[in-house]
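J.: Have a look at the structure that comes next, please.
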Amino acid sequence: EPEVTQTPSHQVTQMGQEVILRCVPISNHLYFYWYRQILGQKVEFLVSFYNNEISEKSEIFDDQFSVERPDGSNFTLKIRSTKLEDSAMYFCASRDPGVSEQYFGPGTRLTVT
Amino acid sequence: DAKTTQPPSMDCAEGRAANLPCNHSTISGNEYVYWYRQIHSQGPQYIIHGLKNNETNEMASLIITEDRKSSTLILPHATLRDTAVYYCIVSRGSQGNLIFGKGTKLSVKP
């Protein structure tokens, strides 16, 4: 069964450094999403992406965040200058245009020290 | 904020049906009810969704009241592996974005 994959599974970085989280969505999906979950808290929507542009973004997704689909398979989330409060699990999700359910990856645990 | 209300926790005996309720009294006519679950810190897993008719798939059944203000997710024969946090989410479907609440932590006990 096809699945969303994410790399790395765990990323440790120092405050102020840039990080890129990578996702490979399910191959025929055209809608892509990033969510995050701070430890012990709710899953929060960050951004949705379709047709090479951002469809919608939350208040969390400020200027330090960016997303890109650099080729036909990867979907990335870049955090320009990480802060301690960016420490969280980051989940990528994708969706087939013919259905409405989203399929999530296993997540990347980002730890900012 | 999430547009749904769920009990924070529930217990269920292994092999019995787990019935998870959800209130969504402000649901709009074009909004669907989705159920996802999250096992430990894994990515949320899609279970089922519906608009107004009851739905069933290989994982669960979804019962939506006639006025659409509440719904129940039914896991017919719960197993220990069904222990997870279950999220009821109201969304406009094709718009995609999911607003998660705190969900119901279901504990299936032997």
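J.: Filter the stretch B:45-54 down to residues that are under 12 Å from the mean Cα position of the chain (by Cα) and not β-branched (V, I, T) and give me whichever is surrounded by the fewest Cβ atoms within 10 Å (Cβ to Cβ).
T.: Across the stretch B:45-54, the extreme among qualifying residues is B:Q45.
J.: Residue by residue through the stretch B:67-110, note down the ones that are part of a loop (DSSP other than H, G, I, E, B), on the phi > 0 side of the Ramachandran plot and within 14 Å of chain A (Cβ to nearest Cβ).
T.: Result: B:G96, B:G103.
J.: Please go through the stretch A:1-55 and pick out each residue that is of a type in the set (S, T, Y), without any contact (Cβ under 8 Å) to a residue 40 or more places away in the chain and over 30 Å from B:P8 (Cα atoms).
T.: Those that are of a type in the set (S, T, Y), without any contact (Cβ under 8 Å) to a residue 40 or more places away in the chain and over 30 Å from B:P8 (Cα atoms): A:Y50, A:S55.
J.: Regarding the stretch A:65-77, can at least one residue be identified that is over 14 Å from the mean Cα position of the chain (by Cα), in contact (Cβ under 8 Å) with a residue 60 or more places away in the chain and surrounded by fewer than 22 Cβ atoms within 10 Å (Cβ to Cβ)?
T.: No, that holds for no residue.
J.: Considering only the stretch B:31-58, how many residues are basic (K, R) and modelled with pLDDT of 95 or more?
T.: Within the stretch B:31-58, residues that are basic (K, R) and modelled with pLDDT of 95 or more number 1.
J.: Right, next: Consider B:H24 carefully, then state whether it is in contact with a Gly (Cβ under 7 Å, 6 or more places away or on another chain) and more than 10 Å from chain A (Cβ to nearest Cβ).
T.: Answer is no for this residue.
J.: Could I ask something else about it? For the stretch A:87-99, which residues satisfy the criterion of being over 17 Å from B:G43 (Cα atoms) and touching a Ser or Thr at 6+ places or on another chain (Cβ under 9 Å)?
T.: Answer for the stretch A:87-99, where residues must be over 17 Å from B:G43 (Cα atoms) and touching a Ser or Thr at 6+ places or on another chain (Cβ under 9 Å): just A:P97.
J.: Answer yes or no: is there a residue in the stretch A:51-61 that is of a type in the set (F, W, Y) and out of contact with any Leu (no Cβ under 6 Å at 6 or more places or on another chain).
T.: no
J.: With respect to A:R36, determine if the residue is surrounded by fewer than 20 Cβ atoms within 10 Å (Cβ to Cβ), basic (K, R), modelled with pLDDT of 95 or more and within 27 Å of B:I39 (Cβ to Cβ).
T.: No: the conditions fail for A:R36.
A quick yes/no check of all residues on (1) surrounded by 15 or more Cβ atoms within 10 Å (Cβ to Cβ); (2) within 27 Å of A:W34 (Cα to Cα); (3) among the aliphatic types (A, V, I, L, M):
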residue	(1), (2), (3)
B:K3	yes, yes, no
B:T26	no, yes, no
B:T56	no, no, no
B:L73	yes, yes, yes
B:T79	no, no, no
B:A84	yes, yes, yes
B:Y87	yes, yes, no
B:N97	yes, yes, no
B:G103	yes, yes, no
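J.: Among the residues of the stretch B:1-44, what is the count of those that are in a loop (DSSP other than H, G, I, E, B) and basic (K, R)?
T.: Final tally of qualifying residues: 2.
J.: When the stretch B:54-66 is examined, which residues are found to be outside any loop (DSSP other than H, G, I, E, B) and either within 13 Å of chain A (Cβ to nearest Cβ) or polar (S, T, N, Q) (or both)?
T.: Residues satisfying the conditions are B:E55, B:T56, B:S61, B:L62.
J.: Here's another thing I want to ask about it. Name the residues in the stretch B:35-44 that are surrounded by 14 or more Cβ atoms within 10 Å (Cβ to Cβ) and within 7 Å of another protein chain (Cβ to nearest Cβ), would you?
T.: B:Q42, B:G43, B:P44
The values are calculated or read from the model by the stated rules, or taken from the named source; none is laboratory data. Model, not experiment: these values are computed from the prediction. Please note: Cβ atoms are built from the backbone with ideal geometry, for glycine as well, and neighbour counts cover all protein chains shown.
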